[in-house]
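To start, the structure under review is shown below, and the notes come after it.
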Amino acid sequence: MVDIGIIGLAKSGKTTVFSALTGGKKGTGGAVVNVGVVKVPDNRLNILADIFHPRKVVSAEVTYHDIEASAQVALKEKGISGQLLAQLSNVDALINVVRAFSDDSIPHMEGSLDVGRDIATIDLELAFSDLAIIERRLQRIDTSLKGAKQTEKQALLQEQLMLGKFKTELENNVPIRELQLSPAEFRAVANYQFLTAKPLLILVNIGEDQLSQVISIENDQKSQYVRPQCSLIALCGELEMELAQLDENAASGFQAEFGIQESGLGRAIKQSYGLLGLISFLTVGSDEVRAWTIRNGTNALKAASKIHSDIERGFIRAEVISYQNLMDCGSLSESRKKGLLRLEGKDYIVQDGDVINFLFNV
Ligand SMILES: Nc1nc2c(ncn2[C@@H]2O[C@H](COP(=O)(O)OP(=O)(O)OP(=O)(O)O)[C@@H](O)[C@H]2O)c(=O)[nH]1
Ligand SMILES: [Mg+2]
């Protein structure tokens, strides 16, 4: 399961984008966080279903969390409030919805439209939150160092050094996601759940009147704001929400009318997948055909844990075949005959489209 948090300044269109992503359902007004699950379209599942005739087909899913700006206000003075921090620190990536649409009836909290300024404001708020975590931890390390045994000291000093480095970078406006981390630092970052370490998609929410220039707006802003692990997309949230509420035929007619090639939403989902470095592995059988989402670079043991902790604990081997090889052979038994069904160990790096059967023992 992948979780993406939708953040941004007040009235930037977060709930509108959330509603579009989650199929046009209106958000539950007044809730601090709207949560919606979206199925990731994957045609390989349909084709595998034709071969295996499973009882059910299960798509990979992404959960979007739409976070009210009012809940984010606390960010400004004293860092993110506890509840919001808990919600945000659990997501795998962030979407920052930035307002570019003009509408005099909806006042901008800063008084004017300025995409660059609004991007910087949110970056700063995320950095503040991380700096607060770092300060607290550094203080605790200081205290621990006083009474620490020689053996504990080494680890504490190392952590102190790393956090000091992050602090300097953040103070120079460099988010943690842009740093080259050692494997040990990478693990530590995952533990802390730093917000500036999360991949970021900037979603520029343009007005209906700007639709004809969407490509040039997007290219122009990409050239200014795209950074490592941070990409950008421009779309009209309001229009996407309306499209999401229509059936497929009506939607494509509507799209043609506005001269849109591909739904901005489809692009947004794909981009957030690419940005996150996400891939899917597949499981097949008469019970279910299913896609599982993992990060690119995940080993077989970790992939197994996605399905069940028992499979991870009792892991023996993974029987693996690529989707393409399976298609070429037409069936698992034929694949086995041709020797294309491989046995892999715990450390095997799972590839996108691998069809896997985990052998385990509990
Ligand atoms: N014209 C226009 N209006 C939009 C667009 N996107 C959102 N709006 C309007 O802007 C207002 C705020 O949109 P929301 O989606 O509620 O914004 P939000 O960021 O969730 O707001 P808060 O949660 O209150 O911070 C609503 O009245 C929307 O209809 C857009 O692309 N074009
Ligand atoms: Mg909202």
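The values are calculated or read from the model by the stated rules, or taken from the named source; none is laboratory data. No experiment lies behind these values; they were computed from the predicted model shown. So basically every Cβ, Gly included, is an ideal-geometry build from the backbone, and we count neighbours across all protein chains shown.
Might you check whether a residue that is more than 16 Å from ligand 1 (Cβ to nearest atom), at pLDDT below 90 and out of contact with any helix residue (DSSP H, G or I) (no Cβ under 7 Å at 6 or more places or on another chain) occurs anywhere in segment 317-324?
no
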Can you tell me which condition A148 does not meet? The list is (1) more than 16 Å from ligand 1 (Cβ to nearest atom); (2) closer than 29 Å to I202 by Cβ, and all the others hold.
(2)
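Each row is one residue, and each column tells you yes or no for (1) without any contact (Cβ under 8 Å) to a residue 40 or more places away in the chain; (2) not hydrophobic (A, V, I, L, M, F, W, C).
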| residue | (1), (2) |
| --- | --- |
| E159 | yes, yes |
| L181 | yes, no |
| F186 | yes, no |
| A190 | yes, no |
| L203 | no, no |
| G207 | no, yes |
| Q210 | no, yes |
| E218 | yes, yes |
| S223 | yes, yes |
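Residues L276, L301, L282: which one is touching a Phe, Trp or Tyr at 6+ places or on another chain (Cβ under 6 Å) and aliphatic (A, V, I, L, M)? Spell out the reasoning first.
On the way: L276 fails: touching a Phe, Trp or Tyr at 6+ places or on another chain (Cβ under 6 Å); L282 fails: touching a Phe, Trp or Tyr at 6+ places or on another chain (Cβ under 6 Å).
Result of the check over L276, L301, L282: L301.
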Can you tell me how many residues within segment 321-352 are on the phi > 0 side of the Ramachandran plot and touching a residue at least 12 places away in the same chain (Cβ under 8 Å)?
1
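Considering segment 190-213 alone, what residues qualify as being surrounded by 14 or more Cβ atoms within 10 Å (Cβ to Cβ) and more than 16 Å from the chain's Cα centre (by Cα)?
Going through segment 190-213, the residues surrounded by 14 or more Cβ atoms within 10 Å (Cβ to Cβ) turn out to be 192-207, 210-211.
Scanning segment 190-213 gives Y192, V204, N205, I206, G207, Q210, L211.
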If I ask for residues that are among the hydrophobic types (A, V, I, L, M, F, W, C), under 11 Å from F360 (Cβ atoms) and not in a strand (DSSP E or B), which ones from segment 301-322 would you list?
L301, A304, I307, I311
Qualifying positions in segment 214-241 - of a type in the set (D, E, K, R) and either within 16 Å of ligand 2 (Cβ to nearest atom) or buried (at least 18 other Cβ atoms within 10 Å of the Cβ) (or both)
E218, E238, E240
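Just to check your reading of the model, which residue among E171, E135 is assigned by TED's automatic domain parsing to the domain that holds S231, surrounded by 12 or more Cβ atoms within 10 Å (Cβ to Cβ) and within 22 Å of T196 (Cβ to Cβ)?
Values: E171 fails: surrounded by 12 or more Cβ atoms within 10 Å (Cβ to Cβ).
The match here is E135.
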Single unsatisfied condition, S252 versus (1) of a type in the set (G, A, S); (2) within 27 Å of K56 (Cα to Cα); (3) assigned by TED's automatic domain parsing to the domain that holds G237
(2)
How many residues does segment 242-285 contain that are within 24 Å of D92 (Cβ to Cβ) and at pLDDT 80 or above?
8
Check L201, L239 and return the single one that is touching a helix residue (DSSP H, G or I) at 6+ places or on another chain (Cβ under 7 Å), assigned to a helix (DSSP H, G or I) and assigned by TED's automatic domain parsing to the domain that holds E125.
L239
Across (1) surrounded by 13 or more Cβ atoms within 10 Å (Cβ to Cβ); (2) at pLDDT below 75; (3) part of a helix (DSSP H, G or I); (4) of a type outside the set (S, T, Y), E77 clears everything bar (1)
